[in-house]
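The values are calculated or read from the model by the stated rules, or taken from the named source; none is laboratory data. All of these numbers come straight from a predicted model, not from anything done at the bench. Here the Cβ positions follow ideal geometry from the backbone for every residue, glycine too, while neighbour counts run over all protein chains shown.
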Amino acid sequence: MSTKGFIEPGEKPRRFYKDVSVVEADDGGFGILLDGRNLRTPQGRVFRAPTRAVADQVAEEWAGQGEHLDLANMHANRLANTALESIPGNRDAVAAQMAQYAGADLVCYYAEGPAALVDRQAAAWGPLMDRAEAEEALAFVRAEGIIHRDQPQATLERVRALALELDDFTLAGFAFGVALFGSTVLAIALLRGWVGGVEAFELSRIDEAFQEEKWGVDAEAAERADRLRSEAAVLERWFRGLAS
């Protein structure tokens, strides 16, 4: 049997278009055309972004592809697909998952030592935790070490409510940020503009950075950090684009 036209496992699909353009749709959203044809999600839905800035961000990823499509690294495109396909029918489940993350938020768990690391964590995370409590009614309990401590139920319910207040595109970004940083506090800080994307990522890896200063940088870990750092930058642009 001929395999012509089939993609082998692990093989990246070939680029099948030349021109990429953004158009304003009749429904008020913004679409993307590939050689004059509507970009569609994996499930076949016509792409629509709520703002031109977000459509431009996704379009740039499509325009920037080479001979083969590197879909795994098209982060804005993946966020858009999530917002259009996965979020609408699963908002309650996503919000519940965000509350679950908040129950073990990274920035609540301070190291037991050394003192220099604890001081660094307190200086970096403390102001954000204070701001989250003052502006978002999110009061978290600080813990030391890795032993789990329950967070106030009111805080978990507030995280869930906050998630449900977001539109589908913003909720997709919020969920992505929470998973990326391991922290609802850092994702909220980026969403609200308290910190930038790269800054939020660096705040999520204070312990790793401290260990690297002491023991040196592992090449594989550094490559992973660079990849995640770039995703954080994409997410910052995503949120700013939604607010434009």
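Please go through region 176-203 and give me each residue that is small (Gly, Ala, Ser), buried (at least 23 other Cβ atoms within 10 Å of the Cβ) and part of a helix (DSSP H, G or I), ordered by number. Write out each step before concluding.
Let us first name the residues in region 176-203 that are small (Gly, Ala, Ser), namely 177, 179, 182-183, 187, 189, 193, 196-197, 200.
Now narrow it down to the ones that are buried (at least 23 other Cβ atoms within 10 Å of the Cβ): 177, 183, 187, 189, 197, 200.
Selection gives 177, 187, 189, 197, 200.
Condition first: part of a helix (DSSP H, G or I), over 22 Å from residue 87 (Cβ atoms) and hydrophobic (A, V, I, L, M, F, W, C). Now tell me which residues in region 122-156 satisfy that.
Here is the first cut: in region 122-156, the residues part of a helix (DSSP H, G or I) are 122-136, 153-156.
Within this subset, residues satisfying the condition of being over 22 Å from residue 87 (Cβ atoms) are 122-135, 153-155.
Scanning region 122-156 gives 122, 123, 124, 125, 128, 129, 132, 134, 154.
State whether the residues of region 135-147 include one that is within 19 Å of residue 99 (Cα to Cα) and under 20 Å from the mean Cα position of the chain (by Cα).
yes
Test of understanding: among 224, 205, which residue is under 23 Å from residue 82 (Cβ atoms), without any contact (Cβ under 8 Å) to a residue 60 or more places away in the chain and over 15 Å from the mean Cα position of the chain (by Cα)? Reasoning before the result, please.
Details: 205 fails: under 23 Å from residue 82 (Cβ atoms).
Among 224, 205, only 224 is under 23 Å from residue 82 (Cβ atoms), without any contact (Cβ under 8 Å) to a residue 60 or more places away in the chain and over 15 Å from the mean Cα position of the chain (by Cα).
For region 27-54, which residues satisfy the criterion of being buried (at least 16 other Cβ atoms within 10 Å of the Cβ), assigned to a loop (DSSP other than H, G, I, E, B) and not hydroxyl-bearing (Ser, Thr, Tyr)?
Selection gives 29, 39, 47, 48, 50.
For region 133-150, which residues satisfy the criterion of being within 18 Å of residue 188 (Cα to Cα), loosely packed, with under 13 Cβ neighbours inside 10 Å and touching a residue at least 24 places away in the same chain (Cβ under 8 Å)?
Those that are within 18 Å of residue 188 (Cα to Cα), loosely packed, with under 13 Cβ neighbours inside 10 Å and touching a residue at least 24 places away in the same chain (Cβ under 8 Å): 135, 141.
When you check residue 59 against the structure, is it assigned to a helix (DSSP H, G or I) and more than 19 Å from residue 33 (Cα to Cα), yes or no?
On the way: assigned to a helix (DSSP H, G or I): yes; more than 19 Å from residue 33 (Cα to Cα): no.
Criteria not met by residue 59.
Examine region 85-107 for a residue that is at pLDDT below 95 and either assigned by TED's automatic domain parsing to the domain that holds residue 139 or within 21 Å of residue 239 (Cα to Cα) (or both), and state whether such a residue exists.
Taking region 85-107 as the starting set, the residues that turn out to be at pLDDT below 95 are none.
No.
Out of all the residues in region 157-164, is one or more out of contact with any Asp or Glu (no Cβ under 8 Å at 6 or more places or on another chain), farther than 30 Å from residue 33 by Cβ, basic (Lys, Arg) and assigned to a helix (DSSP H, G or I)?
Step one: of region 157-164, the residues out of contact with any Asp or Glu (no Cβ under 8 Å at 6 or more places or on another chain) are 157, 159-161, 163.
Right, trim to farther than 30 Å from residue 33 by Cβ and you get 157, 159-161, 163.
Imposing the further condition that a residue be basic (Lys, Arg) reduces the set to 160.
Among the residues that remain, those that are also assigned to a helix (DSSP H, G or I) are: 160.
So far as region 157-164 goes, yes, one or more of its residues are out of contact with any Asp or Glu (no Cβ under 8 Å at 6 or more places or on another chain), farther than 30 Å from residue 33 by Cβ, basic (Lys, Arg) and assigned to a helix (DSSP H, G or I).
Among (1) surrounded by 14 or more Cβ atoms within 10 Å (Cβ to Cβ); (2) modelled with pLDDT of 95 or more; (3) under 27 Å from residue 211 (Cβ atoms), there is one condition residue 130 misses while meeting the rest; what is its number?
Result: residue 130 fails condition (1) only.
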